[in-house]
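Structure record follows, encoded as C-alpha cells.
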Amino acid sequence: MTAKRLIAVQSKWIKTKVLLTNKSIKPFIPDTRKFNANNLRSMINQYRMIYIKPECGTYGNGVIRAEIINEQSYTYQIEEKILKFKSFTEFHKSLIKRIKKRRYLIQKGIHLLKHNHRRFDIRVMVQVNPKGKWETTGIIGRLGHARKIVTNYHSGGKPMSIESLLRTHLSKGEQHHLHKELDTLGIKIAKHLQKTYPKFRQIGVDVGLDKTVSPQIIEVNTSPDPYIFNQLKDKSMYRRVMTCRRASLKK
Ligand SMILES: Nc1ncnc2c1ncn2[C@@H]1O[C@H](COP(=O)(O)OP(=O)(O)O)[C@@H](O)[C@H]1O
Ligand SMILES: [Mg+2]
C-alpha cells in the first residue's frame with residue numbers, strides 16, 4: 001500500500017486560491033502572492049519579514065526567510081546560510097539567481113513562537129474516518145532545528161506534543177481553546193477543499209502561531225506524512241491516524 005492512491009495537489013498557489021474563496025477560512029491565510037520584483041518590494045516594505053518559497057516545494061526545501069532592516073539593509077536566510085545586501089536591487093538580483101526560472105511565492109512572514117530559542121509550528125492532521133466523516137485525528141508541534149528557518153521533519157525539525165511547546169506561552173484554558181479552534185479549522189478546510197477535490201481523504205495543515213496566538217495557515221498538504229505522529233511517546237494519535245489511513249486506502 002502506498003500513498004499514491006491518495007490524491008495530491010502540489011501547487012501551493014492553486015490551493016491558496018481555492019481556500020481564499022471561503023469567507024470563514026480567508027482570515028486565517030497570510031497574504032500570499034507570486035514572486036516578482038513588484039511583489040517583493042511591496043511585501044517586504046509592508047511586512048518587514050517575508051517567506052519566499054517554491055510554489056511546488058516539499059520538506060522545507062528551497063524556503064527562504066527575508067527581512068528588511070532599513071532601506072540600505074536587506075538580509076535573507078536559506079538553510080543555514082545568511083546573506084546581507086546594501087540595496088533592494090542587490091537583494092533582488094541574488095534571489096533571482098537562486099530561484100532561476102522556477103515558480104516561487106512570497107508570503108507574509110509569521111514570527112513563529114519559540115521554544116528553547118527554536119521556532120515551532122503546528123501540523124493539524126484531518127482525515128475521513130471509517131464512518132466516512134471528516135475528523136481531526138492529530139495535532140502535533142514541530143520544533144525547528146536551531147540554525148534553520150523551517151520546522152519540517154525532513155529538515156531537522158523535531159515532532160513534539162503541542163502541550164510541551166505551548167506550556168510557557170499559554171495557560172491550560174487557552175491551550176484548550178486553541179486546540180478546539182485548530183480542530184474546527186482543520187475540518188472546515190478539509191470540507192471546503194473537498195468541494196473542489198472530491199477524492200481527498202486526508203490533509204495536513206501547517207499552522208503558524210505568533211505572539212497573538214491567532215492561527216495562520218502556512219500551507220495545506222494533501223499527502224501529509226502520518227509517521228511524524230509515531231515520534232511521540234503517546235501512541236494514541238498515531239493509532240487514530242493509521243486507522244483512518246488504512247480505511248481510506250481500502251476504499
Ligand atoms: N509565512 C511563513 N511564516 C513563518 N514561517 C514559515 C512561513 N512559510 C513557511 N514557513 C516555515 O517554513 C516551513 C516550510 O514551509 P511550507 O510552506 O510548509 O513548505 P513545504 O511544502 O516545504 O513544507 C514551514 O513549516 C514553516 O516552518
Ligand atoms: Mg509544509
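The values are calculated or read from the model by the stated rules, or taken from the named source; none is laboratory data. Fair warning: this is a prediction, and the values are worked out from it, not measured in the lab. Glycine gets a Cβ as well: all are built from the backbone with ideal geometry, and neighbour counts include every protein chain shown. Please note that ligands, DNA and RNA were not included when accessible areas were found on the heavy atoms of the full protein model with its side chains. Shrake-Rupley method; radii C 1.70, N 1.55, O 1.52, S 1.80 Å.
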For the chain, which whole-number percentage of the solvent-accessible area (1.4 Å probe, protein heavy atoms only) is attributable to carbon and sulfur atoms?
-> 52
Projected onto the charge dipole of the chain (+1 at Lys/Arg Cβ, -1 at Asp/Glu Cβ, origin at the Cα centre), which of Ser73, Ile29, Val18 gives the Cα projection farthest towards the positive end?
-> Val18
Measuring with a 1.4 Å probe in the full set of protein chains, what accessible area per residue, in whole Å², belongs to region 138-212?
-> 49
Of Lys26/Lys195; Lys34/Lys148; Lys15/Lys191; Lys34/Lys86; Lys84/Lys158; Lys180/Lys233, which sit over 18 Å apart, Cα to Cα?
-> Lys34/Lys148; Lys34/Lys86; Lys84/Lys158; Lys180/Lys233
Please compute the net charge surrounding Met160, taking Lys and Arg as +1 and Asp and Glu as -1 over other residues with Cβ under 12 Å from its Cβ.
-> +3
Taking the chain, the equivalent ellipsoid from its C-alpha gyration tensor has semi-axes in Å, biggest first, of 31, 21, 17
Find the relative contact order for region 108-250 and round it to a whole percent, using C-alpha pairs within less than 8 Å whose residues are 6+ positions apart.
-> 29
Gap in Å between the Cα centre of region 51-108 and the Cα centre of region 140-189?
-> 25
If every Lys and Arg gets +1 and every Asp and Glu gets -1 at its Cβ, then about the Cα centre region 7-143 yields a dipole, in debye to the nearest 20, of 300
